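Contents: one structure, followed by commentary.
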Amino acid sequence: MTKTKKDRQFRPVPVPSVVLGGLFGARQDAVCAATAETLLDRCVEAGMVRAIDTTQPSPGIVLPLQPWGGSTQMFWDSDLGKSIETVAFSLYRRPNPELEARVDKIIDLYEKMQDADGYLNAWFQRVQPGRRWTNLRDFHELYCAGHLMEGAVAYYQATGKRKLLDIMCRYADYMITVFGHGPGKIAGYCGHEEVELALVKLARVTGEKKYLDLAKYFIDERGTEPHYFTEEAIRDGRDPADFIQKSYEYNQAHQPVREQKKVVGHAVRAMYLYSGMADIATEYNDDTLTSALDTLWDDLVTKQMYITGGIGPAASNEGFTDYYDLPNESAYAETCASVGLVFWANRMLGRGPNRRFADIMEIALYNGSLSGLSLDGKTFFYENPLESAGKHHRWIWHRCPCCPPNIGRLVASIGSYMYAVADDEIAVHLYGESSVKAEVAGTKIELSQATRYPWHGAVRLTLKVEKPTRFAISLRIPGWAKGAKLSIDGGAVDLASIMVDGYARIEHAWTGREVIDLELPLIPRALWADPRVRQDTGRFALMRGPLVYCTEGVDNGEGLNALTVTGDPARAVESEVAALGGAVALDVEATRDVSTGFEGSLYRETPPATQPAKVRFVPYHLWDNRAPGEMLVWMRGGLKKSGV
């Protein structure tokens, strides 16, 4: 029976099924060479490994309690889980017996620490053992469990070792007895979403539907009345109104999830929730969840997202404020939030390829996420502003080190975001030098991309098949790729005739001898913001393909705001920058305001004099990799429209 479009289920290919070259391959090499070990080293230095070692005394409260009643030390299990996941993904690309042995020792410590009933949490077993499950709103118990689950799945797939997977299955089995409706059960859910999507991963790797059902329960229960967080606070002797964030919007628990229309609250929590909802929508073919997510998606990308795919402008709640409130220099735009947007966008593709999600996934990946990791893999950004006066730099660690392992695990697993497989179709969501092995229509296949994307727009796809088989290959045609061309074995294909939701869907009886050529024009283009984004009025941003570009002081000197672009971005002079890994830089004609005549005064009645200049733009995600200095995305320009 042919499945309807709504019933199709696309799932990401496993990480080990994809081998990467090009830009992504180089970034993965940096993770293997530096980031993975750095994460473990800094977890040790912070005391995280000692905290789970039951042969040593409890560390007690190392990081002080905060006004919300807890400590960021409560999150340490999640940092270890993400670090284990990063190491696991790195082992696919570069075996490292020493790193693997270090992770094995951490897993042994978790095995010894686990309670007989399956419970596992360093803080509530070793620091505050009497507080288990008493404050789901604030204390991150299920969040920590979720990250350990994801680490367990990745490590099992990387090494074949089941110990951590079995530990987390025991914990999940215990959760099933604890949460739900009925005598003695807790009708609650976590204040920081994450366990929902982790349980889906656990279900997919074990084949156990009970973990899907638990994830669905957490999603269905969220925001229902009587409100769990209110009842929990009363039961725990706390005033429900004494909530530092004042509103359940902060953790997206203000309404049942299917009734939510506006993206609100803490940005990372929102992205993890929507990712879990999208997974459950795929697994259960749940149109009610998909419909709610479609509404929330449009709300985010049309009113609340930076051009970089950064989200959450405010530090006060690490999240969303008002529509069109997108300040540049003070932008929070947490790396974890853009990583979460990549997660959500990818999962929205579970019910079929659709450019509206995949284009944003690519933008958030290249710009909002990759900016969080230096080229050498050793330093990080937590916040990602779109303007800097020269005081914002990468750092080695952070008081709440959620971002380093988050961007580390994303970079190390990028291959699984590039491709997805259904029964009789393989979708190519992202382009880059790579090869993927998969099974489609009952046949083993290997699909390879030869390309220098995103620096060059030519992509050649070749195919190996176990036996001639009919199936579909869907290739995303980005919305910006005006004039894209497609050919098979040298014969031009009419793109318009095969486009489905922004993808070129090629259904064919493949023999393995075919060659597909895709040409995506990478013409620099100027973009303007909706005038309601007051901070960007009168300015434009420059993009080339999926990459947002910026200016840096290291190329253009001080006073970037004194520059006005006068040339046509579409005719920018392109050159490669060796210091930025061969990235393509763009040089455009401009003028520079000068201070001559302002001596002794701050203001005068005539405008500044100008002098001719050239302005160099480099990819935003690579800024602050050379010398410290100013940075600016939104530029002044006399252009009326892009030259594209």
Rank these for me by crowding, 243, 24, going from fewest to most other beta carbons within 10 Å.
243, 24
Kirkwood-Stokes translational diffusion coefficient of region 96-137, alpha-carbon pairs, 37 °C, 0.692 mPa s, µm²/s
277
Between residue 464 and residue 239, the FRET efficiency computed from the C-beta separation at R0 = 60 Å comes out, to the nearest 0.05, as 0.40
Mean Cβ-within-10 Å packing, highest first, puts peptides 263-273, 416-426 in the order 263-273, 416-426
Out of residues 5 or more away from residue 474 or on other chains, whose amide H comes under 5 Å of its own, with H placed 1.01 Å from N in the peptide plane?
426, 427, 428, 506
Identify the trypsin sites (Lys or Arg not before Pro) of region 438-492 meeting these criteria: DSSP loop state and at most 12 other C-beta atoms within 10 Å of the C-beta.
482
Heads up, region 25-87 by the C-alpha gyration tensor (a ≥ b ≥ c square roots of eigenvalues; a/c under 1.5 rounded, else a/b over b/c prolate, else oblate) looks prolate
About the Cα centre, charge dipole magnitude for the chain (Lys/Arg +1, Asp/Glu -1 at Cβ), debye:
900
Measuring from its Cα centre, region 525-637 shows a charge dipole (+1 at each Lys and Arg Cβ, -1 at each Asp and Glu Cβ) which, in debye to the nearest 20, is 300
Restricting to Cα atoms and excluding each atom paired with itself, what does the Kirkwood estimate give for region 525-637 in Å?
15.0
Measuring from a point 7 Å past the Cα of residue 98 along Cα-to-C-beta, which residues in region 42-61 have an amide N at less than 20 Å?
42-46, 49
Using the Cα atoms of the chain, I'd like the radius of gyration and the largest Cα-Cα distance, Dmax, both in angstrom.
25.0, 82
Give me a comma-separated list of calculated 3J(HN,Hα) values for region 11-23, in order, Karplus coefficients 6.51, -1.76, 1.60 applied at θ = phi - 60°, integers in Hz, x for any Gly or Pro.
10, x, 6, x, 3, x, 7, 10, 10, 10, x, x, 4
Just from the alpha-carbon atoms, what are the Rg and Dmax of region 347-491 in angstroms?
18.1, 59
Taking all pairs of different Cα atoms in region 423-519, averaging 1/r and flipping that mean, what Kirkwood radius in angstroms comes out?
13.6
With a 10 Å Cβ neighbour count serving as the proxy for reagent exposure, in which order, fewest first, do 469, 86 appear?
469, 86
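Here, each number is a calculation from the coordinates, and none is a lab measurement. This one's a predicted model, so the numbers in the text were calculated from it and none came from an experiment. Glycine gets a Cβ as well: all are built from the backbone with ideal geometry, and neighbour counts include every protein chain shown.
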